[in-house]
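Below is one structure; the comments refer to it alone.
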Amino acid sequence: MKLLFWTPPWASQGNPMFFRNCTEKFLIPQANMLAEHGHQVDFVLPAALGSLSPLLSGKVRKIDLPLDLYRVHEDCEEEVYTELYRGKNTDLVLRIAELLKPALGQGYDAVLLWENPVPFLQYLFPHTVVLHQMPGTFTRAPYPETVTIDPQGLYRQGLLFTDAAAIQAPAIGERGLRSVGQRFGAAVRTHLSAGSNPAVPEILNAANEASSRALLPLQVSSHYAFSCDAGYRNQYDFLLDALDKSDPETSVVVTQYVHRLASEKVLSAELCDALRKAHPNLVFDEAFDGIDSVSQHLLPHVDQVWTASSSLGLQAMAWGHGLKVFGETFLAPYDQDVPSAVSWVERCEHTVGFLVSKYQPLASKVRRDADFMTRYIEALIAWKKDEDRSAETLSYLADVQPGTGYIDELLASFRPSGSSKADSRALKEFSEKLQSCNVVSFDIFDTLVRRPCEKPGDLYRFIQPHVSALTGGEIRNFAQIRSNCEHMARIANKGLEADEITLDQIYEIMGATYGYSDELLRVIKHLEVGIEVQVCSVRPFGQQLFNLAKSMGKSIVLTSDMYLSEPVIEAIVRTNGYDGYSSLFLSSTSGARKHTGILFEHLLDSMNLEPEELLHVGDNLTTDVAKPKEMGIETFHWPQAIDRMRQNGRYKEIYDPRNGAGKRSRSILAGLTAHRLFDRELGKDQKGTLFNGRAFNLGFSAVGPILLGYVKWIGDQAKARGISDLYFFSREGFILHEVYKALFGSDPDAPKSSYFYISRRCARVAALESVSEVIALASEPFSPNVSLAKLLTGRFGLPLQGDNVHAALETAGFASPEQVLKNDVETRGRFVHLARLLAEDILKNAEIERAAYLDYVRFTGLNDAHHPGVVDVGWKGNLQASLMKLTGKQVEGFYYATTTDAVTFARDGHVHHGYLGTEVNEARTPSAVLKNRHLFEYLTCHTDPTLINFGYSDGQAVPIFHLEAGRHTRAAFIAEVHAGALAFAHDYQREFGNLSSDVSFDPFLCEGAFKSFVESPAKADAELLRGKEFEDIVGGVERKGLSLQKPPASTSRPRVESKAAGTDGECRASNGGLDAPGRRRLEATIVALFASDRKRLKYGRNRRRFFEDSKSRIARAWYLNAGGA
């Protein structure tokens, strides 16, 4: 191909060196790469950037520009880029084209440039594709670095604007865009939450609270796209207009553009003080200016983004946040209020999917991968020639280089937004060791790549069901057989100089020992190899070390003790993106192992090296450190994640290597936790805490396993019971639904699912149809110190106004609506009396609310669902009962557990299913979740405010929420917790997927980290809950506090309790133990230690049946001796 690279000669924003950075860091490396690949490359380099000439390859032809071209801007009324982008100065375009034509060549296939309008090149080369490059929407850490490449134009002239409708609601044929958008959005939320700057929430929490938050990122007024499209003279005008149009109940969080190449600071503390007199909802702190990528760090803490043309608007779509666009910019079609045939969530997912699947490739691909870039340019040239070209006809990036797993590579390219000090020390040590070596040897398994399970041998247990299915049940114990044969092969080779075994030897022994046919063994071996390649994934820090060695020009070899063949190892490392190594030294090929040192001798001899010239990197202290050091080889040790996790006493107790290891469910939970939380060294707290004081880690390792086990059970049960549709009850159901989509979203046999708005307040009021029902609801307990007005409004939706209300108050013995209530028998009786007196008004209001809510229910399709099921965490099943009463529709309920209070509904024929069990006695169960229900509900509750009821807007039933004070303190924390929990589900699905479809998870195993947290929290972890509050509208208390305090040493174990903020404002870990006598504690401990997973589950679900069905006379005698108590 013949390619032209263009760098403009005119100053931008007053800076003649404005394009130096992109030219040096991007365009020149790109041009050199393509020239070295055999393409004919011309490069326009203006005189101001002449110092960069030596960086150009000798194969690139540099083009000098005529002097007259430098002066064309002198006749422009605006900056030359503004006039070129605006497109009204035809004389300017023709003048530039005339001056350029003699200097340029002819017949270019493509023109490549960086973010400057070039109508003159499009005039000169009308049939040539012009690739407009600029930073991608997702480019700063922790995002993968991406690059926008638009073959049509910039901003309003580009595809993102002209084809916005099709991008947000693509044709059915657009394969997988929404799914990719969902996956990428989940990764964004995971990594932004995990890497959130702690200074950001501290600043926000100090600001005034409001019902919602909008992020307003200011930009640079002199940028041509802003000045042409936004309709504002400057950022200050934009800010004032946004504030004038803002709702006073919405905090407007403002950031400024601060960058070393271009900055514009509009706000100061003094100006903010003046603005807040008219706009008290303005939130700004000068500390924002000192935080890198501060707007990105704010995204987890806001509900919407307001912008003219900032990429933060598109980033907001990855979060599903609202988007308000000011001005007729290229983002205008993406404003949330623009009418669309699809929902806002779908618009967001489709848009993000388009960006990362078709429009914004990885920077590493277009800057360093010549094969990829060649194919990509060829695809865009073909696109240009297509008369029906559009955003929909753009090539998928995954098709540019098929078979390489582009989307998986993209998702693996998220970067830490800041390394720990330990990481930095390790990298510094490694860099210093690189200086004194010529060759770097990398161990492969557990250094560069890893298996997802707890131990490598666990993989055979995941292969076992596949072998059983393959053999029609003939081989049911493959894991044991496979381990036995490997052990026998090693015994056979013991004492030999070449003592390593091969996979072929293992299967030869299997055939000789068990009599399996050669054809069957061939098929099973092929299955094992395929699964090995499938499950191995990049170890991120190992990849960072590999790339560092590669960037420093070191010769790299891979060295491994492994029975797999060389072609299989090559497939594993290639699939995981490792290239550029010169040799593989494998024990399976040479027969020699690192363990004996002979493999290192073979490496040194083959490469004609002295020991001191080699640096070896690995995870094993014996084979990767001690043995090579004996030989004079320098080493760098990076422990595997599971070893680092076992140095943490808390996790070592949860996933005790001496008890329970080897089971698939246990291997999944331990492996995922280790690889996510312990791949890197995080400092001293890593060994003494569960979560290192981070909300994301709490969500990942404590909440994530519980939701994984519970939601997988829901999906499996629902499929088995023929459920057609699953409705996930708000608000806990939001994260449950997200996990369900992660696990079952691509399963065609899984029930359809949707998030369903319902709350105790909404459903129970709407269901009221008689005075007796009013009395029953009034009789339920309420918290002390609540005002009468708040209780009556919160429970019944009835405002205390009107003569009849005041008369009823007097009759019932209340002094005023603001009277603070005691929670005693007399006060409760008077409240019931008041509700009875106001029953007529209450029932009228209930009728109005019922009509609106039933309209919403009809919209969801529940009434027409063939066999619906509902999902909630538990505990009584009363929301299911209210919904069934309202609709007359029979539904099945799927719960983490129902308590004994649910027996009334069960007797009425309501169908309940419980993951932990149904009608569980919470005082007797060992379940940490049931004993700490308030905390579990808090951690799983979505960040939406409490649903009050439904009303109407433009004829549509819409939810009405309670404006919750302090919501954003909770919302930011819960967003991080949920990001962690969802990351656990996505990690599970990615790592294990079809390998574990038949695995079920013991709820007590899944509760391990959560149980450890509530029973003995480390100080750094307990601090996570300090100052956190939630609301209880029906109970009459708007705010409740929740926190943990580490208890003093005691034989009893603490549990979480909640207290109204009106008392002491926090939830303490009390010494209430398990709320059972010592006998029961001993009994639960014995069952936990010695019973099987299945029997422990039965004990948790129904203790009486556990003992009555037991074959042990001792167990039955124990139960009878206790009187069945």
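Nothing in this text is a laboratory measurement; each read-out follows from the coordinates by a stated rule. Computed from a predicted model, the values in this text were never measured in an experiment. FYI the Cβ positions are ideal-geometry reconstructions off the backbone, even for glycines, and counts take in every protein chain you see.
Couple of notes before you dig in:
- Cut-off 12 Å, label 7 Å out along Cα→Cβ of VAL523, residues of segment 455-495 by amide N: 467-475
- Per-residue Cβ neighbour rank within 10 angstrom, fewest leading, THR689, THR860: THR860, THR689
- Counted by neighbouring Cβ atoms within 10 Å, the residues SER483, SER667 run from fewest to most as SER483, SER667.
- Unit charges on C-beta of K, R, D, E only; dipole of the chain, Debye: 3800
- Placing unit charges on each Cβ (+1 for Lys and Arg, -1 for Asp and Glu) gives the chain a dipole about its Cα centre, and among PHE5, ASN878, THR128 the Cα reaching farthest toward its positive end belongs to ASN878.
- Mean projected area (nm²) of the alpha-carbon convex hull when segment 864-1006 is viewed from all directions: 12.0
- The calculated FRET efficiency for the pair GLU630 and GLU653, based on their C-beta separation and a Förster distance of 35 Å, comes to about 0.45.
- The orientation-averaged projection of the convex hull spanning the C-alpha atoms of segment 2-127 amounts to 7.3 square nanometres.
- Projected onto its three principal axes, the C-alpha set of segment 399-540 covers 55, 45, 29 Å, listed from the longest axis down.
- Expressed as a fraction of 2.2 N^0.38 Å, the value expected for a compact globular protein of N residues, the C-alpha radius of gyration of segment 456-532 is 1.08.
- Extension gain, ILE491 back to LYS822 (0.36 nm per residue minus Cα-Cα distance, nm): 111.4 nm
- Whole-number percent relative contact order across the chain, with pairs defined as alpha carbons under 8 Å at least 6 apart: 9
- For segment 538-687, the normalised intensity computed at q = 0.15 Å⁻¹ comes to -0.92 (log10 of I(q)/I(0), Debye sum over alpha carbons, equal scatterers, no solvent).
- When the charge dipole of the chain is built from unit charges on Cβ atoms (+1 for Lys and Arg, -1 for Asp and Glu) and taken about the Cα centre, the candidate among SER212, PRO117, SER340 whose Cα reaches farthest toward its positive end is SER212.
- Estimated D of the chain in µm² per second, where Rh is the Kirkwood radius over Cα pairs and Stokes-Einstein applies at 37 °C, 0.692 mPa s: 99
- Segment 1-75 and segment 491-543 have their alpha-carbon centroids 54 Å apart.
- The local environment of GLY58, defined by Cβ-Cβ distances under 15 Å, has a net charge of +1 under the rule Lys, Arg +1 and Asp, Glu -1.
- Ordered by the number of other Cβ atoms lying within 10 Å of each residue's own Cβ, fewest first, MET884, MET17 fall into the sequence MET17, MET884.
- q = 0.10, 0.11, 0.21 Å⁻¹, segment 790-939: log10 I(q)/I(0) [Debye, one scatterer per Cα]: -0.53, -0.63, -1.15
- Projecting the alpha carbon convex hull of segment 487-597 along each direction and taking the average yields 8.0 nm².
- Estimated inter-spin distance, ARG86 and GLN534, nm [label 7 Å along Cα→Cβ]: 6.0
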